[in-house]
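Chemist: Okay, here's the structure, questions in a sec.
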Amino acid sequence: MTGTGDGRTAPAGDVIGYRRDEGAHPPYLYPDYVGTRRRAPDRPLVVVPHTLSEITGPLYGHSSIGELDHDLTRQHAGEPLGQRIIVHGRVLDGDGRPVPDALIEVWQANAAGRYAHEVDDHPAPLDPNFSGAGRCLTGSDGRFEFITIKPGAYPWKNHPNAWRPAHIHLSIFGRAFVTRLVTQMYFPGDPLFDQDPIFNSVRDPRARARLVSTFDPERTVPEWALAYRFDIVLRGRDATPMEA
Ligand SMILES: [Fe+2]
């Protein structure tokens, strides 16, 4: 393994990879988040060297983006219930440069806090006009935008009376299949932050703050939608915390 002095590592003869900054990202095991007790690795990780096949192999999803895939409010015959919002931002690398052509996929609960998914059977209503999934590519300036509704909080049984703060899940694929990152975006001022072990598994409060979007009055649309900004920084001291 060869250190490059800037956080990158590479076994001799292989393509350079990036080391995970444990200060900015949640640990594999965070006992208050009960699910990590079952899935956290209990043996040292085995580093599988990247080779050219990972970098040059087929891409997933980039070529099949529909015109309205970024608009979660227009996927059905009617409009979903809830507060319509615009979620936008930029994907940036560790030096603040925009990252074009990143595939961003989002998934979220509906306004009542219910996922349109078979394992979510808690007693909140489904919305026939809301599937809760969308995707788009970043432009040449790294920008992305979604139109959706603000998700509701939902109970999840991690601990007594556990509720997740309102959040949107995001997956970011780069120009290779092995470059996927996953994170969650939250909303400012949520009263549920303090009791949420997923949010608090990011131990550095400055890193945790980077998971919270900012209300963006400039991008609100009168009589139509509120707006939130969420920039995604892939690495470096301002990196957005990413799930293991
Ligand atoms: Fe969720």
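Chemist: For each of L59, L45, L137, count neighbouring Cβ atoms within 10 Å of the residue's Cβ, then give the residues from fewest to most.
Modeler: Fewest-to-most Cβ neighbours within 10 Å comes out as L45, L59, L137.
Chemist: Next question, about the same structure. Quick check: the distance between the Cα centres of region 115-129 and region 162-184, to the nearest angstrom?
Modeler: So the two Cα centres are separated by 21 Å.
Chemist: Moving on. Can you compute the modelled spin-label distance between R206 and R38, with each label point 7 Å from Cα toward Cβ, in nm?
Modeler: 3.6 nm
Chemist: Separate question: Taking Rh as the Kirkwood radius, which is the inverse of the mean 1/r over Cα pairs, what is the Rg/Rh value for region 58-244?
Modeler: Rg/Rh: 0.95.
Chemist: What value, in deg cm²/dmol to 500, does the helix sum -39500 (n - 2.57) over DSSP H runs of n ≥ 4 give at 222 nm once divided by the residues of the chain? Provide the component values of the computation, followed by the final result.
Modeler: Details: 4 runs with 20 residues, N = 244.
Computed ellipticity for the chain at 222 nm equals -1500 deg cm²/dmol.
Chemist: What distance in nm separates the two pseudo spin-label positions at K157 and S64, each 7 Å out from Cα along the beta-carbon direction?
Modeler: For the pair K157/S64, the computed spacing is 3.3 nm.
Chemist: Continuing with this model, one more query. Mind running the shape call on region 36-147? Use the C-alpha gyration tensor, a ≥ b ≥ c as the square roots of the eigenvalues: rounded below 1.5 for a/c, prolate if a/b tops b/c, oblate otherwise.
Modeler: Verdict is oblate for region 36-147.
Chemist: Give the shape of region 148-244 as rounded, prolate or oblate, defined through the alpha-carbon gyration tensor: a ≥ b ≥ c are the square roots of its eigenvalues, a/c under 1.5 means rounded, and otherwise the shape is prolate if a/b is larger than b/c and oblate if not.
Modeler: Oblate, since a/c reaches 1.5 and b/c is not below a/b.
Chemist: Provide the net charge surrounding G142, with neighbours chosen by a C-beta distance below 11 Å and charges set as Lys +1, Arg +1, Asp -1, Glu -1.
Modeler: Residues close to G142 contribute a combined charge of -1.
Chemist: A follow-up question, please. Multiplying the sequence separation of E223 and E54 by 0.36 nm and subtracting their Cα-Cα distance, what value in nm do you get? Numbers along the way, then the final one.
Modeler: On the way: separation 169, 0.36 × 169 = 60.84 nm, distance 4.69 nm.
Length gained, E223 through E54: 56.1 nm.
Read-outs: derived from the displayed coordinates by stated rules, not from any lab. Bear in mind that the values here come from a model prediction, so they are computed numbers and not experimental data. In this analysis, Cβ positions are derived from the backbone assuming ideal geometry, glycine residues included, and neighbour counts consider all displayed protein chains.
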